[in-house]
Amino acid sequence: MQEVIVDLERAKFFDELSGRWDNNGPSPEADVVLTFLRKLNIDSNKNVLDVGTGTGMLVPHIFSFHPARLIAMDLSACMLGKFREKHSSRFSAKLEILQGDVHSLNLPDATVDIAICNGVYPHFYDKLLALSQLRRVLKKGGILAVNHFAGREFVNSIHGSSSHDLIRRDLLDPAMMVSETIAGCGFHVQEWRDDATEYYLIAEKI
């Protein structure tokens, strides 16, 4: 079955950014990324979905935990082109690269152990639909992580100053509000943080 890209406008926006994406700003320090990923209990029995993988910033860090399989998904074909240049030969045995839309996931039910939405949640135009799709593909007890390696005010200042009207509206709500939304979609929120340097929520499918 072919992937359905519902959000064509954002796909086009990120296609246009792909050539300069890796030079857009500093990446988070490795120890910050690894500290966050340890909270998700990735191991050799877990299938991980990286939603909005972009050019694959998280990929080497995720593979340091030796997952059974990593599905790296993004709306943007051009972002995934850059991703392939960087990562596909190195991690090919356990890596699946998928162009897809979180609002219409082409994945079987209950096949993912951990779904990571790094730096992408504000871009979900229909949060309830996206969360229902993520819940569908997660196994019972599976983990959903929504995170940014930056504070909410910083994220919103970047999005709010975008040249694209659609992106200017992609603002990150306080974690308490997002926690309530996620809980209402069939998850138990285990932990959240919303401060000047980091933003994340970790939830379990119930």
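Limited to the stretch 177-206, what total is found for residues that are part of a loop (DSSP other than H, G, I, E, B), surrounded by 14 or more Cβ atoms within 10 Å (Cβ to Cβ) and out of contact with any Gly (no Cβ under 9 Å at 6 or more places or on another chain)? Residues meeting the conditions: 2.
Of all residues in the stretch 143-176 being of a type in the set (D, E, K, R) and more than 16 Å from Thr197 (Cβ to Cβ), which is nearest to the chain's Cα centre (by Cα)?
If we filter the stretch 143-176 for residues that are of a type in the set (D, E, K, R), which is where we start, we get 152-153, 165, 168-170, 173.
Then drop every residue that is not more than 16 Å from Thr197 (Cβ to Cβ), which leaves 165, 168-170, 173.
Numbers: Asp165: 22, Arg168: 19, Arg169: 18, Asp170: 15, Asp173: 16 Å.
Result: Asp170.
Report yes if some residue within the stretch 85-101 is of a type in the set (A, V, I, L, M, F, W, C) and within 15 Å of the chain's Cα centre (by Cα); otherwise report no. For the stretch 85-101, residues of a type in the set (A, V, I, L, M, F, W, C) and within 15 Å of the chain's Cα centre (by Cα): present.
Residue-by-condition table, conditions (1) acidic (Asp, Glu); (2) buried (at least 21 other Cβ atoms within 10 Å of the Cβ); (3) under 19 Å from Val178 (Cα atoms); (4) modelled with pLDDT of 95 or more:
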site: Ala68; (1), (2), (3), (4): no, no, no, yes
site: Arg84; (1), (2), (3), (4): no, no, no, no
site: Pro108; (1), (2), (3), (4): no, no, no, yes
site: Ile114; (1), (2), (3), (4): no, yes, yes, yes
site: Cys117; (1), (2), (3), (4): no, yes, yes, yes
site: Val120; (1), (2), (3), (4): no, yes, yes, yes
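Here Asp165, Asp126, Asp101, Asp109 are screened, and the one residue that is under 26 Å from Pro28 (Cβ atoms) and acidic (Asp, Glu) is Asp101. Residue check: is Met79 buried (at least 22 other Cβ atoms within 10 Å of the Cβ) and at pLDDT below 95? Criteria met by Met79.
Only residues that are aliphatic (A, V, I, L, M), under 23 Å from Ala11 (Cα atoms) and out of contact with any Phe, Trp or Tyr (no Cβ under 9 Å at 6 or more places or on another chain): list them for the stretch 152-206, please.
Filtering the stretch 152-206 for residues aliphatic (A, V, I, L, M) gives 155, 158, 166-167, 171-172, 175-178, 182-183, 189, 196, 201-203, 206.
Those left that are additionally under 23 Å from Ala11 (Cα atoms): 155, 158, 166-167, 171-172.
Passing the criteria: Ile158, Leu171.
Inspection of the stretch 148-167 identifies no residue that is assigned to a helix (DSSP H, G or I), acidic (Asp, Glu), in contact with a strand residue (DSSP E or B) (Cβ under 9 Å, 6 or more places away or on another chain) and at pLDDT 95 or above.
Of the residues making up the stretch 56-94, not one is of a type in the set (Ser, Thr, Tyr) and assigned to a strand (DSSP E or B).
Kindly check whether there is at least one residue in the stretch 123-141 that is among the acidic types (Asp, Glu), assigned to a helix (DSSP H, G or I) and free of Cβ contacts under 8 Å to residues at least 24 places away in the same chain.
no
The values are calculated or read from the model by the stated rules, or taken from the named source; none is laboratory data. Being a predicted model, the structure only gives us computed values, none of them experimental. Cβ coordinates were reconstructed from backbone atoms using ideal geometry, including for glycine residues, and neighbour counts include every protein chain displayed.
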